[in-house]
Every structure is written in C-alpha cells, then in structure tokens.
1. Go ahead and set up a Gaussian network model of the chain, Cα springs under 10 Å, then flag whichever of 66, 149, 136 fluctuates most.
2. From Cα pairs below 8 angstrom and at least 6 apart in sequence, can you work out the relative contact order of segment 26-163, rounded to a whole percent?
3. Can you work out D for segment 26-163 in µm² s⁻¹ from Stokes-Einstein, where Rh is the Kirkwood radius over C-alpha pairs, the temperature is 20 °C and the viscosity is 1.002 mPa s?
4. Compute a Gaussian network model of the chain, connecting alpha carbons closer than 10 Å, and tell me which residue from 61, 29, 128 fluctuates the most.
5. Please work out how much length the chain gains when fully extended from residue 145 to residue 52, using 0.36 nm per residue of separation minus the C-alpha to C-alpha distance, in nm with one decimal.
6. Which value at 222 nm does the chain reach when only helices count, each DSSP H run of 4 or more adding -39,500 (n - 2.57), with the total divided by all residues and rounded to the nearest 500 deg cm²/dmol?
7. With only alpha-carbon atoms counted, please give the Rg and Dmax of segment 69-120, in Å.
8. Of the candidates 48, 123, 37, which one comes out as most mobile in a Gaussian network treatment of the chain with C-alpha springs shorter than 10 Å?
C-alpha cells in the first residue's frame with residue numbers, strides 16, 4: 001500500500017511472480033516479456049514509418065515494458081496508459097503554450113502532471129516524462145493525438161492481443 005497526503009491511498013499487491021527472489025524470473029516469463037516488448041516496439045516503428053505519422057516518443061519504451069512485462073500492475077492497465085499519457089501531454093502542452101517556455105514552467109508542468117494523475121487515479125509513471133519531451137521539442141497541439149493518443153492506443157491494443165495469448169496471463173485486469 002502506498003499512502004499519500006490526505007485520503008489518497010493506492011492499494012495493490014504485487015503478484016508473487018514479480019517479487020524479487022534468489023532464483024530470478026522464470027525463463028518462460030522472460031521470453032514472453034522479450035517477445036511482447038520486441039513486437040510492440042517494432043510495430044510502433046513500422047506503423048510510424050508506414051503511416052508517415054509520429055507514433056513514437058521516449059516514454060513509450062517504459063509503457064511497453066509495463067504492459068508486456070508486468071501487465072498485472074495498476075500502472076499497466078489501459079485506463080492508466082491511455083489517460084495518463086493524454087493527461088500528461090495535455091498539461092505539458094498547456095503549460096508550454098499558455099504559461100511559458102522556461103525550465104521553471106517545465107518543473108511546474110511535471111508537478112501538475114504528477115498530482116493530476118494521482119488525483120484522477122490514472123498514474124502511469126512513463127507518462128510523467130511527457131512534459132519534458134514537450135518542453136524540449138516544442139510541438140503543437142497535434143502532439144496530443146500523434147504520437148500521444150495514437151501510440152498509447154497501439155500499445156494497449158497490442159498488450160490486450162498479446163498477453164491474452166498465454167494461459168497464465170490476463171490483460172487487462174480492469175478498465
């Protein structure tokens with residue numbers, strides 16, 4: 001259980017297969033994660049190249065890790081991935097375009113993103129880096145849809161298709 005100020009508490013129990021032990025993860029689990037992450041990363045790259053739309057951003061590597069390697073975690077659930085990325089990019093863009101382009105405003109955007117994801121219960125740690133990417137690249141508002149929403153949707157869709165191929169996996173746990 002993670003406690004925050006006030007009444008914000010996140011309760012989750014990490015499945016036993018993700019807890020550190022002396023033997024390490026089973027080879028099957030490593031192979032499943034490897035294939036899933038490889039396919040998802042390659043698919044994003046292929047779709048970006050084929051469609052000639054930006055569908056890739058750095059935070060998607062960490063999102064793919066969560067969805068393909070630890071799909072039971074709350075941070076990996078579709079609501080968290082989709083809304084977390086969208087919210088983080090919207091806040092980053094709003095701060096960048098309406099408040100200013102300084103590093104102080106970037107810090108403010110990061111703080112606001114963190115609080116918003118916690119408040120709306122859509123915490124997705126990889127999305128926390130979206131405001132940094134926005135302040136470095138200076139994109140327009142279309143960034144909300146490509147790469148943010150389109151890329152996150154591809155990751156979640158592939159996560160659903162891939163994780164449910166395996167008998168001992170079920171994704172998503174909730175929407």
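Every number here is computed from the coordinates shown, using simple stated rules; none is lab data. These numbers were taken from a predicted model, which means no experiment stands behind them.
1. Result for the chain, Cα springs under 10 Å: 136 fluctuates most.
2. It comes to 34 percent, rounded to a whole number.
3. In µm²/s, the coefficient is 143.
4. Among 61, 29, 128, the largest mean-square fluctuation in the Gaussian network model of the chain belongs to 29.
5. That pair, residue 145 and residue 52, stretches by 32.1 nm at full extension.
6. -17500 deg cm²/dmol
7. 12.6, 38
8. Of 48, 123, 37, the most mobile in the Gaussian network model is 48.
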